[in-house]
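The values are calculated or read from the model by the stated rules, or taken from the named source; none is laboratory data. This structure is a prediction, so every number in the text was calculated from the model and none was measured. In this analysis, Cβ positions are derived from the backbone assuming ideal geometry, glycine residues included, and neighbour counts consider all displayed protein chains. Surface areas here come from the heavy atoms of the whole protein model, side chains and all, with no ligands, DNA or RNA. Shrake-Rupley method; radii C 1.70, N 1.55, O 1.52, S 1.80 Å.
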Amino acid sequence: MVKAVVGANWGDEGKGKITDMLGKESDIIVRFQGGANAGHTIVNDYGKFALHTLPSGVFYGHTTSVIGNGVALDVPKLFGEIKSIVDRGVPMPKILVSERAQMVMSYHKNFDAYEEERLGGKSFGSTKSGIAPFYSDKYSKIGFQVSELFDEEMLREKVVRVAEQKNVLLEHLYHKPLIDPDELYKELMSYKEMVEPYVCDVSLYLYNAIKEGKNILLEGQLGSLKDPDHGIYPMVTSSSTLAAYGAIGAGIPPYEIKQVITVCKAYSSAVGAGAFVSEIFGDEADELRNRGGDGGEYGATTGRPRRVGWFDCVASKYGCRMQGTTDVAFTVLDVLGYLDEIPVCVGYEINGEITKDFPVTHLLEKAKPVFQKLPGWQTDIRGIRKYEDLPENCRNYIEFIEREIGYPITMISNGPGRDDIIYRSR
Ligand code: GDP
């Protein structure tokens, strides 16, 4: 059985924790898109970890962690991450890397930084992990696939071709040092050495695993609103964040994805630029930011403060719909225990009209939030394990949001740990 864990919003919804938790019953955990630009924070018996490339299943001895073909594979980052967890006492994880995954090269990161520099104040707020230049090259068919590392003759020729093309931009647009094809070849060979023991025909491996009835978890990065097609273009990421893409980025049939668990946080947060309708500012925002997540809403990759806001039913309803949600995991609810009233964004006012349907970007920029205030519960709900034991106002908050978004909330996370979860039947 294949399940996907994906985000409904801008990312940082708490997918890492949910994946780690569901990892207990999974044989295989697959990352199918994205790169090292976003992080997952996981708290378990080994400590607190920020993972960027490794799937969140690496902490279990029984799971195999797979880097699918859809991922932007940053080889040195991946191996640095493996080393960092092993150094902290986690047993060496079983890792497979798709032979069809493409690699983020050092020049992708440089181009990412150069472009942000060139755009100045109009930049995208990129994490400079090379993701946009990487995916551009993939679709321009000048990227390097892992399998190509094993055809050295072809590779020798290709590095010259790629350097030639990149150097035009480096010289004339960015005025930066040029790429030396020999250095590029050496970089690729060093990646080969690192990645060789893990290379695998992942789609075939997963095909057999599905036939054997194995439990497979697809782990998404970021959320629906960062999808290049269905998100807040152009303030999006460069690979699809939707569960549907799990089929492509892992190489499995679409009809095998039986459960789509969409993670929604009990309030909103976003990193980078772009419209964020329910955003709040000032002291109200600082308080939520500092109490948020586990130790505050600060980026796992960059440490920069995240933008925060109240729960957005319009964006989340849309985010859940685009994922094809079967279950919602509602996270970080414990954080809201300090409020006596909790505003929830229930509609957008655009050009004098109120809508509950998420619009395209130029209209989104004009949208003003319509807030409804719900009573808070003003207690610490951490440690509660049964839905009935939650305070009434807390249950009302959950049920109100469930009605607004129209998808069943079957899991409620009330703390960062693996066991901080309340299951709820439909
Ligand atoms: P991801 O990218 O979607 O995995 O999200 P993050 O790694 O940014 O997770 C958000 C933060 O919230 C992390 O620091 C988690 O440890 C923390 N977290 C996850 N679930 C909960 C929860 O239910 N309550 C609290 N307080 N923190 C949580």
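Residues in region 286-336 that are among the aliphatic types (A, V, I, L, M), away from the ligand (no atom under 16 Å from the Cβ) and touching a Lys or Arg at 6+ places or on another chain (Cβ under 8 Å): Val314 only. The sole residue among Leu390, Leu374 that is at pLDDT 95 or above and within 14 Å of the ligand (Cβ to nearest atom) is Leu390. Here is the figure for region 112-127: residues that are surrounded by 14 or more Cβ atoms within 10 Å (Cβ to Cβ) and either assigned to a strand (DSSP E or B) or touching a Ser or Thr at 6+ places or on another chain (Cβ under 9 Å) (or both) total 5.
Comparison of Val90, Val58 shows that the only residue that is over 25 Å from Leu155 (Cα atoms), assigned to a loop (DSSP other than H, G, I, E, B) and either more than 16 Å from the ligand (Cβ to nearest atom) or without any contact (Cβ under 8 Å) to a residue 24 or more places away in the chain (or both) is Val90. Taking region 243-257 as the range and being touching a Gly at 6+ places or on another chain (Cβ under 8 Å) and either open to solvent by less than 20 Å² (accessible area, probe 1.4 Å) or outside any helix (DSSP H, G or I) (or both) as the test, the residues that pass are Ala243, Gly246, Gly249, Ala250, Gly251, Ile252, Ile257.
Any residue that is open to solvent by 30 Å² or more (accessible area, probe 1.4 Å), part of a loop (DSSP other than H, G, I, E, B), more than 30 Å from Tyr207 (Cβ to Cβ) and among the aliphatic types (A, V, I, L, M) - is there at least one of those in region 163-178? Yes: region 163-178 contains one or more residues that are open to solvent by 30 Å² or more (accessible area, probe 1.4 Å), part of a loop (DSSP other than H, G, I, E, B), more than 30 Å from Tyr207 (Cβ to Cβ) and among the aliphatic types (A, V, I, L, M). Restricting Asn69, Asn44 to residues that are more than 15 Å from the chain's Cα centre (by Cα) and within 12 Å of the ligand (Cβ to nearest atom) narrows the list to Asn44. Out of Phe144, Phe134, one residue alone is at pLDDT 95 or above, surrounded by 17 or more Cβ atoms within 10 Å (Cβ to Cβ), within 30 Å of Ala270 (Cα to Cα) and not β-branched (Val, Ile, Thr). It is Phe134.
Lys214 - would you say it is within 20 Å of Met105 (Cα to Cα), outside any helix (DSSP H, G or I) and open to solvent by 10 Å² or more (accessible area, probe 1.4 Å)? When the stated conditions are applied, Lys214 does not pass them. Filter region 26-50 down to the residues that are in contact (Cβ under 8 Å) with a residue 60 or more places away in the chain, of a type in the set (A, V, I, L, M), surrounded by 20 or more Cβ atoms within 10 Å (Cβ to Cβ) and assigned to a strand (DSSP E or B) and list them by number. Correct list: Ile28, Ile29, Val30.
Of the strands (runs of 3 or more DSSP E) that lie entirely inside region 307-410, those containing 1 or more residues that are over 25 Å from the mean Cα position of the chain (by Cα) and within 22 Å of Thr262 (Cβ to Cβ) span 341-350, 353-355, 368-375. Among the residues of region 217-232, just one is touching a helix residue (DSSP H, G or I) at 6+ places or on another chain (Cβ under 6 Å), open to solvent by 10 Å² or more (accessible area, probe 1.4 Å) and in contact (Cβ under 8 Å) with a residue 12 or more places away in the chain, namely His230.
Matching residues to (1) over 28 Å from Tyr245 (Cα atoms); (2) surrounded by fewer than 16 Cβ atoms within 10 Å (Cβ to Cβ); (3) touching a residue at least 40 places away in the same chain (Cβ under 8 Å):
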site	(1), (2), (3)
Gly299	no, no, yes
Val308	no, no, yes
Lys317	no, no, yes
Val332	no, no, yes
Gly352	yes, yes, no
Lys368	yes, yes, yes
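As a summary of the residue check, Glu297 satisfies the conditions (1) under 19 Å from Glu402 (Cα atoms); (2) touching a helix residue (DSSP H, G or I) at 6+ places or on another chain (Cβ under 6 Å) except for the one numbered (1).
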